[in-house]
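Have a look at the structure below, then the notes.
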Amino acid sequence: MRRSGLALATVSIAVLASGCASSPEPSAPVEPVHPATLAGTSWTVVSVNGRAPVAGFEPSVTFGAASVTGSDGCNQFGGTFHYEGSSGRLVVERAMAITEMACARRDLASQGAFLQALVAATDAFLEAPGRLILNGARGPLVLVVGR
């Protein structure tokens, strides 16, 4: 009896050790997924270069066929853009029309940073369903499907 108990313990240890020895293969780098189009989509800003906007004054962006419109959290803006879905290449024209409202509460630094990041964006990709990242010289602009 003693011998069979020892054999069982040895087999159990061997099975456990073999289970621990195998480790999952390292995952391959994830390639960015470029949306086929931006036309007809609306987004709300989560962060601009790592900084969240002031609650209640979140910028938003809507892409039309060739137009981009939205709000910087206070003022409305509009302009044009070009997007290539195959490469993710994005060009937002710097010449935009923008209102100059006197808003009750304003965070001029984040509003300016948002518009600067938007026109500096050169690449668009989906980080996850419903989460769009625009990259450019002014840092990443993280957006979620419009709320």
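FYI, it's all coordinate maths here, none of it is from the lab. Keep in mind it's a predicted model, so treat the numbers as computed, not measured. Glycine gets a Cβ as well: all are built from the backbone with ideal geometry, and neighbour counts include every protein chain shown.
Full extension of the chain between Met101 and Ala137 yields a length gain of 10.2 nm, computed as 0.36 nm times the residue separation minus the alpha carbon distance.
Annotation: peptides 137-144, 35-42, 112-119, ranked by per-residue average of other Cβ atoms within 10 Å with the highest first, follow the order 112-119, 137-144, 35-42.
Highest mean packing first, where packing is the average number of other Cβ atoms within 10 Å per residue, the peptides 63-72, 93-102 line up as 63-72, 93-102.
With a 10 Å radius around each residue's Cβ, average the other Cβ atoms per peptide and rank 43-53, 77-87, highest first.
Working: 43-53: 17.4, 77-87: 14.6.
Result, highest mean first: 43-53, 77-87.
The Rg/Rh ratio of region 41-145, with Rg taken over Cα atoms and Rh as the Kirkwood radius over Cα pairs, comes to 0.94.
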